[in-house]
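A short write-up of the structure that comes next.
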Amino acid sequence: MGSKNSSGIMLIVGLGNPGGQYEETRHNAGFWFVDLLAQRFGGSFKAESRFHGAACRIQVGGRECWLLKPSTFMNRSGQSASSLARYYKIPVESMLVAHDELDFPAGELRLKRGGGHAGHNGLRDIISAMGADFHRLRIGIDHPGDRNRVTDYVLSRPSRADYDSICIGLEKAADALQVIVAGELQKAMNLLHS
């Protein structure tokens, strides 16, 4: 059956910043995704101090998968992700990190494995803690058009239209979760990119 990754995805880390003032900001698109998955698959997040975040376990197509929202702030996300992965002996290539992506229009999604951090502080910290060989779900939030405006942009709320586009994208990714968790990432990409 081609190059099917037998271990699949065992941990999905949503990136975001903790706290009400960040909840609806573009930088929290990764949190929005894992919240949607928990809601859809009947999980509920519990604060886990040993993992520096909130975690829950869901069942997807007969497989167990952890969801994690680091409570460390974006630039220390690696501390949280690596703690849970180490504790449950989850290899880095069985981890998917969902994060906001400036390079795509709002709501466009891409799956990829490995690569750099492209200036994303959450990815930068996970790479320094665990290496780069994890999968990413890149959630398009669009670009403000000027790199000097990026920080304010990611920490502000999207327009209604952009928010709706992002939500539609996240629903599409949630629809493909069984394929993603099974490790059939090429098939998942075809679903997401269609």
Next on the checklist: Residues to consider are Val154, Val150, Val181; find the one that is within 21 Å of Gly61 (Cβ to Cβ) and of a type in the set (A, V, I, L, M).
Outcome noted: Val181
Next on the checklist: Tell me whether segment 76-97 contains one or more residues that are part of a strand (DSSP E or B), surrounded by 18 or more Cβ atoms within 10 Å (Cβ to Cβ) and out of contact with any Phe, Trp or Tyr (no Cβ under 6 Å at 6 or more places or on another chain).
Outcome noted: yes
Item to check | Search result, residues across segment 147-162 that are in contact with a helix residue (DSSP H, G or I) (Cβ under 9 Å, 6 or more places away or on another chain) and either in a helix (DSSP H, G or I) or charged (D, E, K, R) (or both) | outcome: Tyr153, Val154, Arg157, Asp162
Checklist entry - When the residues of segment 123-145 are filtered to those that are of a type in the set (D, E, K, R) and under 11 Å from the mean Cα position of the chain (by Cα), which remaining residue is nearest to Ser156 (Cα to Cα)? => result Arg138
Checklist entry - Residues in segment 174-190: is at least one of a type in the set (Gly, Ala, Ser), within 27 Å of Gln21 (Cα to Cα) and either in contact with a Lys or Arg (Cβ under 6 Å, 6 or more places away or on another chain) or outside any loop (DSSP other than H, G, I, E, B) (or both)? => result yes
Checklist entry - Given the conditions (1) farther than 21 Å from Ile180 by Cα; (2) modelled with pLDDT of 95 or more; (3) of a type outside the set (S, T, N, Q), which single one is not true for Val97? => result (1)
Item to check | Extreme residue, surrounded by the fewest Cβ atoms within 10 Å (Cβ to Cβ), among residues of segment 102-132 that are within 18 Å of Thr25 (Cβ to Cβ) and among the aliphatic types (A, V, I, L, M) | outcome: Leu102
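The values are calculated or read from the model by the stated rules, or taken from the named source; none is laboratory data. Note that the structure is a prediction, hence the values are computed from the model and not measured. All Cβ positions, glycine included, derive from the backbone under ideal geometry; neighbour counts span all protein chains shown.
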